[in-house]
Amino acid sequence: MTLTIGVDIGGTKILAGVVDETGKILDSVKVSTPENSDQTADAIAEAVRKVRGDHEIGAVGLGAAGFIDADRATVLFAPNVSWVNEPLKTRIEERIGLPVVVENDANAAAWGEAKFGAAAGHDDVVVITVGTGIGGGLILGGSLYRGRFGIGGEPGHYRVVPDGRPCGCGNRGCFEQYASGNALVRAARERASAAPGRAKDLLALGDGTVEGIQGSHVTEAARNGDTIALAAFTEIADWLGQGMSDIAALLDPSAFVLAGGVSEAGDLLRAPAAEAYRRKLAGKGHRPYAQVLTATLGPDAGLIGAADLARV
Ligand SMILES: [Zn+2]
């Protein structure tokens, strides 16, 4: 069995693991991401050497945030680690003497979920990562779809409201402004501001102020049946359903996977999002519905996916 190493390069830590052909992690290590981006390649190489040990390794897959070129070699632009046209493949191959591929981290995580996680067995999968913002990945016809320039599969900046809420990308009305973890917190805070008397339980989970309400508080309150928290989930789930129905009109997948921090709320997010998707789908009642699933690999998805993408 061929083993490969997957590396998930995060803003604060670098996670590396030895992964077998069934997606199982045999060994893993974690090192801190250096503050100086010039030292990041050394830290990645160090993590690979540590985890490699005596394992016979065929290749290494790196998952990095940002735009990756279609040759899976260069990070075109990564705002959080201040890389522009960084030849990451070459830099790491020089240091470790193994073949390296570079993948977008969200695409790597999507591949992991589609092949070994929630959507195992499906060939046409759309993964929507609901975190602070919205990321994602597309698996079409059994292959990861990267686009001509390597930067496809990013649903977060799909415009859903003309002249809507301003977005960090410079446009207005982007999907992630309505359906992300930040949007969930915003929806809960707006409701708590409007009706502080009804928000006592939710406010008590934070510091007592509306601004103190965080995403984890909204999830906890919703689990306890808090009506304001549940309404906030319904609001972003409705937007997710809208987004999935639009994506289905274009791509007709057999499964959507909701991943990322907010998806850890499980059916609090999945069930209303699935209901909204079915309600909003064009031609509903006259076509099959895709399954709407919750991710199962958690924070390991990126590492497992990057390792597997290094094989092909
Ligand atoms: Zn945007």
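Taken together, the residues in segment 151-193 that are within 11 Å of the ligand (Cβ to nearest atom), in a loop (DSSP other than H, G, I, E, B) and in contact (Cβ under 8 Å) with a residue 60 or more places away in the chain amount to 4.
In the condition set (1) in a helix (DSSP H, G or I); (2) within 16 Å of the ligand (Cβ to nearest atom), ASP238 is compliant with all but (2).
Listed here are the residues, each with its yes/no results for (1) more than 29 Å from VAL127 (Cβ to Cβ); (2) out of contact with any Cys (no Cβ under 8 Å at 6 or more places or on another chain); (3) surrounded by fewer than 21 Cβ atoms within 10 Å (Cβ to Cβ).
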{"residue": "PRO166", "(1), (2), (3)": "no, yes, yes"}
{"residue": "CYS174", "(1), (2), (3)": "no, no, no"}
{"residue": "ALA188", "(1), (2), (3)": "no, yes, no"}
{"residue": "ALA221", "(1), (2), (3)": "no, yes, no"}
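Residue check: is ILE134 within 11 Å of the ligand (Cβ to nearest atom), among the β-branched types (Val, Ile, Thr) and under 18 Å from the mean Cα position of the chain (by Cα)? So ILE134 passes the test.
Counting only residues that are of a type in the set (D, E, K, R) and within 19 Å of GLU35 (Cβ to Cβ), which one in segment 61-96 is surrounded by the fewest Cβ atoms within 10 Å (Cβ to Cβ)?
Keep residues of segment 61-96 that are of a type in the set (D, E, K, R), which gives 69, 71-72, 86, 89, 91, 93-95.
Next, from what is left, pick out any that are within 19 Å of GLU35 (Cβ to Cβ): 86, 91.
Working: GLU86: 23, ARG91: 16.
The residue in question is ARG91.
Check ARG270, ARG311 and return the single one that is closer than 26 Å to PHE116 by Cα, surrounded by fewer than 21 Cβ atoms within 10 Å (Cβ to Cβ) and either under 19 Å from the mean Cα position of the chain (by Cα) or of a type in the set (Ser, Thr, Tyr) (or both).
Numbers: ARG311 fails: either under 19 Å from the mean Cα position of the chain (by Cα) or of a type in the set (Ser, Thr, Tyr) (or both).
Among ARG270, ARG311, only ARG270 is closer than 26 Å to PHE116 by Cα, surrounded by fewer than 21 Cβ atoms within 10 Å (Cβ to Cβ) and either under 19 Å from the mean Cα position of the chain (by Cα) or of a type in the set (Ser, Thr, Tyr) (or both).
A single member of GLY260, GLY302 is in contact (Cβ under 8 Å) with a residue 60 or more places away in the chain and farther than 22 Å from SER143 by Cβ, and it is GLY260.
Quick check on my filter: what residues within segment 1-27 are under 18 Å from ALA78 (Cα atoms) and acidic (Asp, Glu)? Matches in segment 1-27: ASP8 only.
Here's the yes/no breakdown for (1) free of Cβ contacts under 8 Å to residues at least 40 places away in the same chain; (2) assigned to a strand (DSSP E or B):
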site	(1), (2)
ILE5	no, yes
LEU15	no, yes
ALA41	no, no
ILE44	no, no
ASN85	yes, yes
GLU94	yes, no
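Among the residues examined, GLY170 qualifies as surrounded by fewer than 18 Cβ atoms within 10 Å (Cβ to Cβ), at pLDDT below 95 and under 26 Å from the mean Cα position of the chain (by Cα).
When the residues of segment 97-129 are filtered to those that are under 14 Å from the mean Cα position of the chain (by Cα) and among the β-branched types (Val, Ile, Thr), the one that is surrounded by the most Cβ atoms within 10 Å (Cβ to Cβ) is VAL127.
Within the bounds of segment 286-294, is there any residue that is out of contact with any helix residue (DSSP H, G or I) (no Cβ under 6 Å at 6 or more places or on another chain), crowded, with 19+ Cβ neighbours inside 10 Å and assigned to a strand (DSSP E or B)? Yes, some residue in segment 286-294 is out of contact with any helix residue (DSSP H, G or I) (no Cβ under 6 Å at 6 or more places or on another chain), crowded, with 19+ Cβ neighbours inside 10 Å and assigned to a strand (DSSP E or B).
The one condition from (1) away from the ligand (no atom under 16 Å from the Cβ); (2) within 30 Å of GLY66 (Cα to Cα) that ASP201 does not meet is (2). Inside segment 96-115, can you point out the residues that are touching a strand residue (DSSP E or B) at 6+ places or on another chain (Cβ under 9 Å), not β-branched (Val, Ile, Thr) and not in a helix (DSSP H, G or I)? If the condition is that a residue be touching a strand residue (DSSP E or B) at 6+ places or on another chain (Cβ under 9 Å), not β-branched (Val, Ile, Thr) and not in a helix (DSSP H, G or I), then LEU98, PRO99, GLU103, ASN104 are the ones that fit.
The values are calculated or read from the model by the stated rules, or taken from the named source; none is laboratory data. Predicted, not measured: the structure shown is a model, and the values here were computed from it. Please note: Cβ atoms are built from the backbone with ideal geometry, for glycine as well, and neighbour counts cover all protein chains shown.
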